[in-house]
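The structure appears below as C-alpha cells.
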Amino acid sequence: MYIVVGAGIVGASVAYFLSRAGAPVTVIDSGRIAGGTSSTTFAWVNSLNKAPRPYHDLNVAGMRAHAALREQFESAPWWHSGGTLEWTHGSPDSYRSKVATRQAWGYRVQWLDHAGVRELEPDIDVGAIGEAPVAYFPDDGWVDPPVYCQALLAAARARGVRLLTHTRVAGLLRRDDSIVGVHTESGEALSADTVINCTGRWAGQPAFSEAQQIPLTPSAGLMLFTPPLAHAVKRVIFSPEVHVRPDGAGRLLICRNDLEVPIEASPTQHLDDAQRLLHAAAKVLPLLGGVQAEALRVGVRALPADHYPAVGPARDVQGFYSVITHSGVTLAPFLGEAVADEILNRVERLELATFRAQRFHA
Ligand SMILES: Cc1cc2nc3c(=O)[nH]c(=O)nc-3n(C[C@H](O)[C@H](O)[C@H](O)COP(=O)(O)OP(=O)(O)OC[C@H]3O[C@@H](n4cnc5c(N)ncnc54)[C@H](O)[C@@H]3O)c2cc1C
C-alpha cells in the first residue's frame, strides 16, 4: 500500500501514475481536492525563465508529459494551448540572446512584428510594445488545476484508489528506521510501504518530523480576476509590467510574478496593488480601461528553501518520499510518472538527480 498525503496537482499526479502501474494507493487530504496552492496559481505551463539548464530541462519534460498525459484521456478539459507572447523593456540585444539560448536548448520560438502580434492577439495595443522584440512560444499553455486533479483522481479511483478528503495526517507511524504508515487527526492508523509527502507549502509541518521536513521559503503572489469581458485573448501575455491570460467564461487572470505580498494578509488588503495591476494591464489591453477586479486571491508558493524541487526518499529513514516543488503545475505529470517509476521499480531517474530532497539533510 502507498499513501499519498496531499490531493493537489502533485499528489493527484503521483496517485494517478502509481495506480496506472497497478499499485494500491490511498490519497489523504486535510481539505478538498486541489484546495491548496493548486487553486491559487497562474498555472502557466512553460520553461521560459527556468535556469539553470537541469531545471529548464525538467520543466520541458513537464511540458512534454502534459502532452503525453492528454493522450491517455478521451478529452483533456483542463488543458489550454495557445502559447506565450513575451517582450521586455530591457536591452533588445540581451533579450534576443536569452531567447537564442532557449532555442539552442530546443525550445520552439517565433519572432513577431506588430502585424504578427495583431494577428494573434488583436486586443493588444502594439503601442505598449514599442520597439521591443516580441517572441512567441507556441508550445506553452495553461491548466485548470482542479479540473486536472478531478480527472486524474477519478481515473485513479476507477482503478481502486481510496480517497480520503477532510482527513488530516497528524503524524507518521515509525518502526525502527522505517516509516510504516500514518495516523490521522481522528486517531485512525493506516499502514503503508511508502508514505509520499505531496503537501506543497505545508511540507515543513511537524507531522513529518519523524522522517524529513523540507525547509521552505515562504512567498506569496497576488492574482486578480476580472469580471466576464468580451475579449479575444487566447494565450499567456507576458509583458514587462504584467502577466495576463484568459481564465474561462470571459474572465482574465492578471498577475505579476515579482509582486510579492505578505503570506497571511487578506486579499482585500491589496486593493492598491490590484489597481496598479489593472492600470498596467490596461496599457497592454485597452479593453480593461475602467474595469474593476471581480476577485483577488493570494497564492502561497510551495517553495523549497533554495527554490528548486525537493524530490526523493528521506536520508535516514526508509518508507518516506517527498515531492515538493514550485512550478508544480508545469512539472506535475512528469513528476507523477517519474516518482511512480522510482518507487515501484526501485530505479533512480537521472532527470531528478539535481533535485534530491536529501540535499537539505546532508
Ligand atoms: C502566485 C502563484 C503563481 C504560480 N504560478 C505558476 C505557474 O504559472 N506555473 C506553474 O507551473 N506553477 C505555478 N505556481 C506553482 C504551483 O501552483 C505549485 O507548485 C503547485 O500548485 C503545488 O501543488 P501541490 O500539489 O504540491 O500543493 P497543493 O496544491 O498546495 O496541495 C497540497 C495539499 O496537501 C494537503 N495537506 C497539507 N498538509 C496535510 C496533512 N497534514 N494531511 C493531509 N493533507 C495535507 C493540503 O490540504 C493541500 O490540498 C504558482 C504558485 C503561486 C502561489
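Tell me the label-point distance for the pair SER266, GLU294, using the 7 Å Cα-to-Cβ offset, in nm and rounded to one decimal.
The answer from the label model is 2.2 nm.
Pull up all non-local amide H partners of ASP29: gap of 5 or more, or a different chain, and H-to-H distance under 5 Å with H placed in the peptide plane.
GLY6, LEU164, THR165, HIS166, THR167
Once you treat every alpha carbon in segment 205-318 as an equal point and sum by Debye, what is log10 I(q)/I(0) at q = 0.22, 0.23 Å⁻¹?
-1.17, -1.25
At MET1 and LYS283, where each label point lies 7 Å from the Cα along Cα→Cβ, what is the point-to-point distance in nanometres?
5.7
Put +1 on the Cβ of each Lys and Arg and -1 on the Cβ of each Asp and Glu in segment 60-181; which of LEU69, ALA155, SER97 then has its Cα farthest toward the positive end of the dipole?
Selected residue: ALA155.
If you take every residue apart from ASN46 with its C-beta less than 9 Å away from the C-beta of ASN46, what net charge results, scoring Lys and Arg +1 and Asp and Glu -1?
Result for the neighbourhood of ASN46: -1.
Rounded to whole Å, give me the distance from the Cα center of segment 91-124 to that of segment 65-85.
23
Could you pull out every one of the aspartates and glutamates with an alpha carbon less than 16 Å from that of LYS50, ignoring same-chain neighbours closer than 8 positions?
Within reach: GLU86, ASP139, ASP140, ASP258, ASP306, GLU351.
Return the whole-Å distance between the Cα centroid of segment 38-56 and the Cα centroid of segment 271-286.
Centre-to-centre distance over Cα atoms comes out at 23 Å.
How high is the relative contact order of segment 75-201, in percent, counting Cα pairs under 8 Å that sit 6 or more residues apart?
Numbers: 138 pairs, mean separation 30.4, N = 127.
Dividing the mean separation by the residue count of segment 75-201 yields 24 percent.
Could you run the Karplus curve 6.51 cos²θ - 1.76 cosθ + 1.60 with θ = phi - 60° over segment 34-51 and give me ³J(HN,Hα) per residue in whole Hz, x for Gly and Pro?
Result, ordered by residue: 6, x, x, 4, 5, 10, 9, 9, 6, 6, 8, 9, 6, 9, 7, 10, 10, 8 Hz.
First measure r as the distance between the Cβ atoms of ARG251 and ASP177, then evaluate 1/(1 + (r/R0)^6) with R0 = 35 Å and state the FRET efficiency to the nearest 0.05. List each step's numbers first, then the result.
Details: r = 51 Å, r/R0 = 1.46.
With R0 = 35 Å, the Cβ-Cβ based efficiency is 0.10.
Tell me, what ³J(HN,Hα) does each residue in segment 232-243 have, in order and in whole Hz, if you take phi through Karplus 6.51 cos²θ - 1.76 cosθ + 1.60 with θ = phi - 60° and put x for Gly and Pro?
Those phi angles translate into 10, 5, 10, 8, 6, 10, 10, 8, x, 9, 7, 10 Hz.
What is the packing order of peptides 85-93, 312-320, taking the mean over residues of other C-beta atoms within 10 Å and listing the highest first? Provide the component values of the computation, followed by the final result.
Values: 85-93: 16.2, 312-320: 18.3.
For the peptides 85-93, 312-320, the packing ranking is 312-320, 85-93.
Please identify the DSSP H helices in the chain that span no less than 15 Å along the helix axis (Cα) and have a mean Kyte-Doolittle hydropathy of 0.5 or more.
Span-like helices in the chain: 9-20, 145-158, 328-345.
Only four residue types carry charge here, +1 at the Cβ of Lys and Arg and -1 at the Cβ of Asp and Glu. Report the dipole size of the chain about the Cα centre in Debye, rounded to the nearest 20.
It works out to roughly 400 debye.
How do the peptides 10-21, 104-115, 268-279, 131-142 rank, highest first, by the average count of neighbouring beta carbon atoms within 10 Å per residue?
Averaged packing, sorted descending, gives the order 10-21, 131-142, 268-279, 104-115.
At a threshold of 8 angstrom on Cα-Cα distance, excluding pairs fewer than six apart, so keeping six or more, what relative contact order does the chain reach in percent?
25
With +1 on each Lys and Arg Cβ and -1 on each Asp and Glu Cβ, how big is the dipole of segment 170-237 about its Cα centre, in debye rounded to the nearest 20?
So the magnitude is around 580 debye.
Between ARG53 and PHE225, take the C-beta separation as r, use R0 = 41 Å, and let me know the FRET efficiency to the nearest 0.05.
Calculated transfer efficiency: 0.70.
Per-residue ellipticity at 222 nm for the chain, helices alone: DSSP H runs ≥ 4 residues times -39500 (n - 2.57), over residue total, nearest 500 deg cm²/dmol?
Computed ellipticity for the chain at 222 nm equals -8500 deg cm²/dmol.
Between GLU348 and GLU71, with labels modelled 7 Å along Cα→Cβ, what's the label distance in nm to one decimal, could you check?
That separation, rounded to one decimal, is 3.0 nm.
Cα centroids of segment 154-170 and segment 315-333: how far apart, whole angstrom?
Between the Cα centre of segment 154-170 and that of segment 315-333, the gap is 18 Å.
How much net charge surrounds GLU210 when only the other residues with a Cβ under 15 Å from the Cβ of GLU210 are counted, with Lys and Arg +1 and Asp and Glu -1? Before the final figure, lay out the partial values.
Values: positive: ARG174, ARG175, ARG315; negative: ASP176, ASP177, ASP316.
Once all neighbours under 15 Å are counted, the net charge is 0.
Taken together, the values in this text are just the output of simple stated rules run on the coordinates, not laboratory data. For clarity, every value in this text was computed on a predicted model and none was experimentally measured. Counting neighbours? That spans all protein chains shown, and the Cβs are built from the backbone with ideal geometry, glycine included.
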